[in-house]
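First up is the structure itself, then whatever we jot down about it.
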Amino acid sequence: MQRNSKVYIETIRFSHILETDTLENFHYFSPHTAFVISHKAESAETLQGVLWYLPTNSPIIIVTNSSREDIEHLKTSLRTHLLYHKKIYIVHQKDDSIAQFFKTAGVHHMLGNDGKVLDGKGEGMYIGTLFSALLDYPQWVIFYDADNLVPSALLEYTLAMCRLFLSTAAYGRTSQESHMADLLHNVRICWSSKPEVNNGSLDYKLLGRCTSVVSPLFTTLLEEWFGIQDYPINSSNAGEQGMNIKAAKALRFSSGYSIETFQFLELLSKSFGLHGQPRRALLQQYQSKSAHFHTKKGDDHIRKLIGQSLGCFFVFRDSLPATITNQLQRICDEMSLDLSYPLIYPAVEDLHIEETDLLPLAMPTLGDGDDVPIFTYVHKEVFLHQYRLFNDIDSQDSWTVTYPVVEY
């Protein structure tokens, strides 16, 4: 473990993942953990596979940016195959009510010319975090991508996060333990190897194509800001990660693929005290033993991801050490990159949703789909209920599975 007065950084490996105590703790952890699933164009079958490995008593918030034509098929498929997941919410990123919420909250730059939320993974995660906060009861938020082709790995990730989030030993028992209620805790999943299938065999690589470029900058930043020397960062672009609700609500969000790198920087900046009193933070990199397979993207996509990730550093440019800016310039020159400066969205805690009694609900219209939506304002429970995959009258509790009787 590397420690500073305000930041703790650990890379964790477990000698085992499952024991009786873990299951007892999981009984508390799962109903108090919200899972946010980022979905774009993945098939209903791929999404079902991911959800099948998540706890049935956890709230699951699917934020999808699929085509409007696909959304009803997606809902029908999930209703058919996931009978016992009691708390699934499915939210379209272009939903009128969501756009109206952010407009009312003053987050106008999150909306495009059409008045709807912009495309982007960061925007989807922001919506998912908002829903987790509106639910009130989650103590942790876990973010998973929908393009996991071997989703059984999520069992390990979820059990590991349960152990890490619930373990007070992870923080160390000190005289300052009373302050741990304000701890910003982030667990990021990384892999000792990320295999690819080449010519019928597995090709193991230590870091992903984007992470190998971005992570060395964090290693330098840790030394410059906190005096932590030569600490390897392997999770700068971790798509699978979790936070306690305190961190999820305290960190700002950014647009598009910049989100994982930006929130890493945001966590460190809050611990460093860039904008106000330094806050105690714990970052844990969990070294998974389960191989992670996802849809392999082309080089153009990776260059875009790298450009957006590196662009995040310029959000903090006034406080960056010269070594970081020089390192950034060298990478851009060597790779001929055009960096993309991300949009920055306020932290969920700054939206003051706990002070809001009524939320916007788009009313159905009889027009051709181009009409300006009309809104009414409803209580939070009604607002959330419209996104439930199963409503009260057709919830899974009342479902029965019947089988044909065959007589011989």
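The values are calculated or read from the model by the stated rules, or taken from the named source; none is laboratory data. Predicted model only: the values in this text are computed from it and were never measured. FYI the Cβ positions are ideal-geometry reconstructions off the backbone, even for glycines, and counts take in every protein chain you see. Note: accessible area is taken over every heavy atom of the protein model, side chains too, but ligands, DNA and RNA are not part of it. Shrake-Rupley method; radii C 1.70, N 1.55, O 1.52, S 1.80 Å.
General observations
- Using 0.36 nm per residue and subtracting the Cα-Cα separation, the extra length available between GLU381 and THR295 on full extension is 27.3 nm.
- Listed by chain and number, the aspartates and glutamates whose alpha-carbon sits under 12 Å from that of LYS6, ignoring those within fewer than 8 places in the same chain, are ASP182.
- Sorted peptide list for 111-118, 51-58, criterion being average Cβ within 10 angstrom, highest first: 51-58, 111-118
- Rolled with a 1.4 Å probe across the full set of protein chains, the surface gives HIS275 an accessible area near 150 Å².
- Accessible surface ranking that places the most exposed of GLU123, GLU42 first, with a 1.4 angstrom probe: GLU42, GLU123
- In the assembled protein chains, PHE102 presents an accessible area of approximately 0 Å² (probe radius 1.4 Å).
- Between ASP70 and ILE228, the C-beta separation translates, for a Förster distance of 51 Å, into a calculated FRET efficiency of about 0.65.
- Listed cross-link partners LYS116/LYS246; LYS87/LYS380; LYS40/LYS304; LYS94/LYS121; LYS75/LYS246 are compared with a 22 Å cut-off, the Cα-Cα value being larger for LYS116/LYS246; LYS75/LYS246.
- A 1.4 Å probe run over the protein chains yields, for region 81-169, 32 Å² of accessible area per residue, whole-number rounding.
- Taking a straight Cα-Cα cut-off under 20 Å and skipping sequence neighbours fewer than 8 places away in the same chain, the aspartates and glutamates within cross-link reach of LYS86 are GLU45, GLU72, ASP136, GLU381, ASP392, ASP394, ASP397.
- Highest average packing first - 78-86, 284-292, Cβ atoms within 10 Å: 284-292, 78-86
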